[in-house]
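Data first, discussion second: the structure below is written as structure tokens.
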2 protein chains.
Amino acid sequence: MSSSRPRIPEATVARLAVYLRVLTGLADGGRSNVSSGELASAAGVNPAGLRKDLSHLGPCGVRGVGYEVATLRDRIARVLGVERSRACVLVGIGNLGTALAGYAGFGSRGFRFVGLFDAAPARVGQLIGGQPVRPMAELDEVVTATAATIGVIATPADVAQSVCDRLTAAGLRSILNFAPVALSAPAEVDVRQVDLSVELQVLAFLGQQRGATVEVGA
Amino acid sequence: MSSSRPRIPEATVARLAVYLRVLTGLADGGRSNVSSGELASAAGVNPAGLRKDLSHLGPCGVRGVGYEVATLRDRIARVLGVERSRACVLVGIGNLGTALAGYAGFGSRGFRFVGLFDAAPARVGQLIGGQPVRPMAELDEVVTATAATIGVIATPADVAQSVCDRLTAAGLRSILNFAPVALSAPAEVDVRQVDLSVELQVLAFLGQQRGATVEVGA
DNA sequence: GCGACTTTGTTCCTGCGTTCACAAGCGGTT
DNA sequence: AACCGCTTGTGAACGCAGGAACAAAGTCGC
């Protein structure tokens, strides 16, 4: 049953996804072998940390030689579950939603959008990447028909919570939220938050702090 | 000179941005007072952690009462540097770039895009949010004219590094990269990486791990 | 066949982030 | 004016992630 996989830290999982991307690029370029140092610099991490990350999936390199690109790629892909294609639904086909629906990076990583939804009647019926935008009323139907497990929210903030409620009611267990609000959901539902403006604000703060020591004010 | 601000942890800065957003919403809703518990649940964090975050900017609450919404909002805004409007340039006006350029959340947080750039001649001249897309040749000119300090990369991965080089050469010190590649830049340049597909992959892994214990394979 | 070099896998350690728990302080009430 | 309840702010402990150094192992050269 549960084999030699106690648990992989979340931070490691995020980096494994990066390694997988780099390895895929190397394999397409014809490379058959990599060292941890080279792979680490391509991924932007520390070589020792990379080896520690890889150690979570058991020994998969050859000492004195390095890692076989194709083997390691398949190994990581299997652990991350990229092999099985995952059905996702996307709610909110605005600028960001359209960008997400058309982002090629998802398709090549085992994710396929099986339903694009929007509440605005004007958007319903539009074709995005060859797929029609559906009305929210069809949500449950599509989720059950396609066995989708992941929902992506790209709506305005004020409707995100109600969309989240509908997604959980439809049976989805994983939700990725791009709306700038904290969502409340049942404990068995994983909610991950991505706030684009927060990243920009952290960057601005670091720049301001390094650029000049400003006084905190009276 | 350096007043009572030794340094604020990066994780705290990211959360301060979230608190600022929540507080702005509360102020618009007419609220004048909040407790740490309420603010924490609205932001999706632990109350004690919130208070510790706030302690980095000195005492700013009243014991037994809570925090004054407007005062705390202004305090955080000043620390994060939201008061001064920051000029940003955006390179790569594809689906994602268009979404970023039109995202209202940036403007209300002190960020304004002063230049939209794309290498494709077909895109140059298009109006995005009332602003024309410019050719890459005008990059240095716009950066120096507007004193922009932040660059956002939303290009395909294969040109991201060269765009990064041009941005640093133009004098930008902070770069936010949405392209799925690790960028190399001089040490004095802050580079932050946002990979949308990584978030989705972590979510899928967590769901797979919890949903069923899958064997690691032979 | 043996030695030395290269590279992985692991272990230790340091530092940070998070959480819990308590003391201090302020407002309201009697 | 004094007491009581509520909330903040801070101190300490726990757990985790990151980095560096070391040992194991396999290959190449002689």
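The values are calculated or read from the model by the stated rules, or taken from the named source; none is laboratory data. If you're wondering where the values come from, they're calculated on a predicted model, not measured in any experiment. For neighbour counting, all protein chains shown are included, and Cβ atoms are generated from backbone atoms with ideal geometry for every residue, glycine included.
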In contact (Cβ under 8 Å) with a residue 12 or more places away in the chain, within 15 Å of DNA strand C (Cβ to nearest atom) and buried (at least 16 other Cβ atoms within 10 Å of the Cβ): which single residue out of A:Leu80, A:Leu26 fits that description? A:Leu26
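Is at least one residue of segment A:50-73 within 14 Å of A:Arg109 (Cα to Cα) and surrounded by fewer than 19 Cβ atoms within 10 Å (Cβ to Cβ)?
Filtering segment A:50-73 down to residues within 14 Å of A:Arg109 (Cα to Cα) leaves A:73.
The next check asks that each one be surrounded by fewer than 19 Cβ atoms within 10 Å (Cβ to Cβ); those that pass are none.
Checked segment A:50-73: no residue is within 14 Å of A:Arg109 (Cα to Cα) and surrounded by fewer than 19 Cβ atoms within 10 Å (Cβ to Cβ).
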Within segment A:150-169, which residues are touching a helix residue (DSSP H, G or I) at 6+ places or on another chain (Cβ under 6 Å) and of a type in the set (S, T, N, Q)? A:Thr155
Pick from segment B:2-23 the residues that are modelled with pLDDT of 95 or more and hydroxyl-bearing (Ser, Thr, Tyr): which of them is surrounded by the most Cβ atoms within 10 Å (Cβ to Cβ)? B:Tyr19
Output the residues belonging to segment A:12-28 that are closer than 15 Å to A:Asp74 by Cα and either part of a loop (DSSP other than H, G, I, E, B) or of a type in the set (D, E, K, R) (or both). A:Arg21, A:Asp28
What's the number of the only condition in (1) within 21 Å of A:Val191 (Cβ to Cβ); (2) part of a helix (DSSP H, G or I) that A:Thr98 fails to meet? (1)
Filter segment B:99-108 for residues that are modelled with pLDDT of 90 or more and surrounded by fewer than 24 Cβ atoms within 10 Å (Cβ to Cβ); the one that is nearest to the other protein chains (Cβ to nearest Cβ) is B:Ala99
Can you work out which of the residues in segment A:150-181 that are of a type in the set (Gly, Ala, Ser) and closer than 21 Å to B:Arg210 by Cα is surrounded by the most Cβ atoms within 10 Å (Cβ to Cβ)? A:Gly151
Yes or no: B:Arg31 in a loop (DSSP other than H, G, I, E, B) and away from every other protein chain (no Cβ under 13 Å)? yes
In this structure, does A:Val79 turn out to be under 25 Å from B:Gly207 (Cα atoms), assigned to a helix (DSSP H, G or I) and not polar (S, T, N, Q)? yes
Any residue in segment B:52-63 that's under 15 Å from B:Gly37 (Cα atoms): show its pairings with residues that are of a type in the set (Val, Ile, Thr) and more than 7 Å from DNA strand D (Cβ to nearest atom) at Cβ separation under 7 Å, as long as the two are six or more apart or on different chains. B:Asp53/B:Thr12
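Restricting attention to segment A:59-67, does a residue exist that is in a strand (DSSP E or B), away from DNA strand C (no atom under 11 Å from the Cβ) and of a type outside the set (D, E, K, R)?
no
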Which of (1) touching a helix residue (DSSP H, G or I) at 6+ places or on another chain (Cβ under 8 Å); (2) outside any helix (DSSP H, G or I) is the odd one out, the single condition A:Arg51 does not satisfy? (2)
Test B:Cys88 against the stated conditions and say whether it is among the hydrophobic types (A, V, I, L, M, F, W, C), in contact (Cβ under 8 Å) with a residue 12 or more places away in the chain and loosely packed, with under 15 Cβ neighbours inside 10 Å. no
For segment A:40-53, give me each residue that is within 7 Å of DNA strand C (Cβ to nearest atom) and within 14 Å of chain B (Cβ to nearest Cβ). A:Pro47
Residues of segment B:109-124 classified as over 14 Å from B:Thr146 (Cα atoms) and within 11 Å of chain A (Cβ to nearest Cβ), total: 2
